[in-house]
Amino acid sequence: MPWSRVPLAWLILTHQKRRFVLSLAGIAFAVVLMYMELGFLSALYDSQVALLQQLNADLIMSSKAKYTMAINEALPRGRLYQARAVAGVADAYPLYVDFEQPSWRNPGTRGSRPIRVLGFNPADPVFLIPEIQARAEQLRQPDTALIDRESQETYGRREQGTVTELSRRRLRVVGTFSLGTDFISHGNVVMSDKNFLKFFPSSRGPGPNLSRVELGLLKIAPGTHPGTVAGVLRTALPPDVHIQTKQEFIDQELKFWHDNTPLGYMFGLGAALGFVVGIVICYQILYTDVVDHLPQFATLKAIGYRDRFVRRVVLHEALLLSFLGHVPGLGMSYLLYGMLVRATGLPLHLPPERVLLLLGLTIAMCTVSGILAARRVITADPAEVFA
Amino acid sequence: MSKAQAAWSEQRSKSAGVVRICGLNHHFGEGDFRKQVLVDNNLELPAGEIIIMTGPSGSGKTTLLTLIGALRSVQDGSVRVLGQELRGLANERLVDVRRSIGFIFQDHNLFPALTAMQNVRLAVELQALPAHARRERAAEILTRLGLGNRMHYRPAAMSGGQRQRVAIARALVNQPRLILADEPTAALDRDTGREVVNLLQELARQDNCTILLVTHDNRILDVADRIINLVDGRITSHVAVKETLAICQFLAQCPTFVTVSHAILSTVAEKMHQEFHPAGTVLIRKGDVGDKFYLIREGSVNVQVQEGQTIKVLQAGEAFGEMALLTGQPRSATVLAREDVLVYVLGKADFRAVLDTSEPFKEQILKVIFQRQ
């Protein structure tokens, strides 16, 4: 026999199958709401640092004046040569970025829109995106570029061979890659440093061509520690540059968006609303169950069960609801994430930590409702069953 | 042990009260809305009897039942249940008392989601027993109540009578010495109600448990050993049916009452109570004011007009003490127990009341007195 005691909570909960299924659907709805809001929140943060994540660097060198990727602030290329000379640095290569001047013409509508252009030396392994590195040689041809497939629809056709204009200059698309959009760029173009100079000659103010780079990407020698090498670099280089590990740089960027946008507040509130909706739904389910069984619960109290037993039954129901409601909620969220990734290009992932967090929230949600609903049964007077 | 003593101790042991109530008052509401629902009630329920409590609705029956059932706190007076005083008990302790009482309600109050077996097991789970023992006990009681083949049915798949039997099984499964039942037959048809009541009677006999049953159902009064009538919060009559019947049968054989009608006999019997007196006890002393009428059940007494001179010996079935009650004069003789005696006693007020309501009885008594003189 599997049960030594009568599984009262389970039997009450599942007695009416239709009601049970509807209950689970209600809980699942609240769970989906929370998954969506938190998913959007982290997707928006993730998309702000998607480019940084795809850079092949251990350390990132930036201008002292650059505090976010949302501004263009370059550093002298000479600093990279200086860095290469520092012990522990294996390699250093530049990344050119411009999102102020470039404007992309939609080959279909002929309308122009700003776009972010990334320039690099095709000989350098700058990106972790295999599609870019694989086509590096093709980018050496004049007036060629790769375009981000996930750029917004308004940029028009983007398949290989498309010919259009970038900042009023003819350009041929030799391939595509996948990166995604963020708050400052609605599309991305990658080209060689030579082409970058041709398209944007006045870039980076006075001085020799290509003398000013947006980011310096540093690889460290095997067996050295990024933090240690960064420390050495900071003392070796002039104070006009900032050396950070890749993760520190990413964290700085995330902090900038966190401090300067109401994202966390907005989506956090959305998730909180989901939580509250969940409490209301769960309370409604449990309260109805309690009220429907009031004579039975009062009978249990009359024959000698204590209040805490009855409260435990209701809380047990709440726990069952939270686990069983979470599963379809998770499944549904997984499907919706997939749909949204396809539709919007937002980087929606379902990391295990989020599943754990939301399972915890679901349990908390149902427990709160359980405690509220159990109050009704505690006030049930066992003498009432004789009335 | 004398015959009288044996009969007396049998009576006594029965009434080693499972429930003893003294000076019980109960109020509902506060301030101006305070309303007294029970007024100075005294009650003793002997073991192994079925007690039926009747009375108009609003008379306080249910309140009395819930007080005995430890479902309410006692406000004023004393309620002892199974040897435990309930007055002043904390709620937690009241719950413990409830565990040794079986409850049967008007509605069966079974969980619709649970089978008969599971519903009964919920009650067994209050006991510290191994899982298999709980299961066996539940199965055993259900089988005993004729539900052996319905154990795994849910209430919805059972008839009204079967459901009520499951509820009875739930009340009995922990072998309580006291069962409180509130209108257990109200929701049942005549035959099913009868069946349920017979079952209760059988259980009371077999397990020597006391059943207090509140009912309006006249059809089931015959199972009662005792009938209590409650009106406006007061116990207005308390008839030990079985005892009254025994007294009636005895009275019918007494020369004094031989020609008296059954209706009068039962009136007399209802008002009588038993007293036991060991050999040598003075029951009546010459010169005292008369307050009781006696009828000897067992043993014999000496009647003495003067100290030490027995003028007459009265045996079982004979009555004495009526003269002083009729005439209002002091006792004319002393009566003392020759051996242990068991007597039925009728108080002066009750005696006169019976006389007043019954002309034939009065004549009969006067005739007896006349003959004696």
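Key figures for this structure:
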| quantity | calculated |
| --- | --- |
| Exposure ranking of A:ASP289, A:ASP259, A:ASP381 by accessible area [1.4 Å probe, largest first] | A:ASP259, A:ASP381, A:ASP289 |
| Per residue, in Å², the accessible surface of chain B once ligands and nucleic acids are set aside, probe 1.4 Å | 45 |
| Globularity ratio of segment B:207-290, using Cα Rg and 2.2 N^0.38 Å | 1.43 |
| Accessible surface ranking that places the most exposed of A:ARG19, A:ARG84, B:ARG205, B:ARG134 first, with a 1.4 angstrom probe | B:ARG205, A:ARG84, A:ARG19, B:ARG134 |
| Interface residues in segment A:1-43 - accessible area drops by 50 Å² or more relative to the isolated chain, probe 1.4 Å | A:SER4, A:ARG5, A:VAL6, A:LEU11, A:HIS15 |
| Per-residue SASA entry for A:GLU131, accessible area with 1.4 Å probe, Å² rounded to 10 | 70 |
| Options A:LEU55, A:GLN101, A:LEU118, ranked by Cα towards positive dipole end of segment A:54-244, top entry (Cβ charges) | A:GLN101 |
| Cross-link partners of A:LYS301 among aspartates and glutamates (Cα-Cα below 12 Å; sequence separation of 8 or more within a chain) | A:ASP381, A:GLU384, B:GLU92, B:ASP96 |
| Cα gyration tensor shape of segment A:260-387, rounded if a/c is under 1.5, else prolate or oblate by comparing a/b with b/c | prolate |
| In range of the label at B:GLN274: residues from segment B:318-361 whose backbone nitrogen is under 16 Å from the point 7 Å along Cα→Cβ | B:340-346 |
| Bridge type composition, chain A - antiparallel percent by DSSP, nearest 5 | 75 |
| With all protein chains modelled, accessible area of B:TYR153 [1.4 Å, Å²] | 90 |
| Residue-averaged 222 nm ellipticity for chain B, from DSSP H runs of 4+ at -39500 (n - 2.57), nearest 500 | -11000 deg cm²/dmol |
| Exercise: per-residue mean of other protein chain Cβ atoms within 10 Å, B:101-110 | 4 |
| Debye, to nearest 20: dipole size of the protein assembly as shown, +1 on Lys, Arg Cβ, -1 on Asp, Glu Cβ | 1460 |
| Exercise: per-residue mean of other protein chain Cβ atoms within 10 Å, A:293-301 | 5 |
| Centroid-to-centroid separation of segment A:260-330 and segment A:47-115 [C-alpha atoms, Å] | 51 |
| Residues in segment B:54-79 occluded by at least 50 Å² - accessible area, probe radius 1.4 Å, against chain by itself | B:LEU71 |
| A:PHE256 - accessible surface, heavy atoms, 1.4 Å probe, Å² rounded to 10 | 40 |
| Relative contact order of segment A:82-217, defined on C-alpha pairs under 8 angstrom at six or more residues apart (%) | 30 |
| Mean separation of Cα contacts under 8 Å (6+ apart) over length of segment B:142-207, as relative contact order % | 30 |
| Cα gyration tensor, segment B:184-250 - rounded (a/c under 1.5), prolate or oblate | oblate |
| Using alpha-carbon coordinates, inclination of helix B:359-372 to the longest axis of chain B, degrees | 40 |
| Span-rule helices in chain A, defined as complete DSSP H runs reaching 24 Å or more along the axis (Cα) with Kyte mean at least -0.5 | A:17-48, A:263-292, A:307-344, A:352-378 |
| Sulfur and carbon atoms: percent of accessible area, the protein assembly as shown [1.4 Å] | 55 |
| Gyration tensor (alpha-carbon) shape descriptor, segment A:54-244, a/c threshold 1.5 | prolate |
| DSSP-defined beta bridges in the protein assembly as shown - what % are antiparallel, rounded to 5 | 75 |
| Between B and A, accessible area buried - total, square angstrom, nearest 100, 1.4 angstrom probe | 2900 |
| Partners for A:LYS219 among lysines (Cα-Cα distance below 25 Å; same-chain residues under 8 apart left out) | A:LYS64, A:LYS66, A:LYS194, A:LYS246, A:LYS255 |
| Selection from A:HIS242, B:GLN274, B:THR334 lying farthest towards where the dipole of the protein assembly as shown points positive, charges on Cβ | A:HIS242 |
| Whichever lysines have a C-alpha closer than 20 Å to that of B:LYS286, once near sequence neighbours (fewer than 8 apart) are set aside | B:LYS312, B:LYS348 |
| Relative contact order (percent, whole number), chain B, Cα cutoff 8 Å, 6+ residue spacing | 17 |
| Solvent exposure of segment A:40-135 as accessible area per residue, Å², 1.4 Å probe | 36 |
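The values are calculated or read from the model by the stated rules, or taken from the named source; none is laboratory data. Everything numeric in this text was worked out from a predicted model, so none of it was measured. Neighbour counts run over all protein chains shown; Cβ positions are idealised from the backbone, glycine included. The protein model used for the area step is the full one, side chains on, heavy atoms only, and it has no ligands, DNA or RNA in it. Shrake-Rupley method; radii C 1.70, N 1.55, O 1.52, S 1.80 Å.
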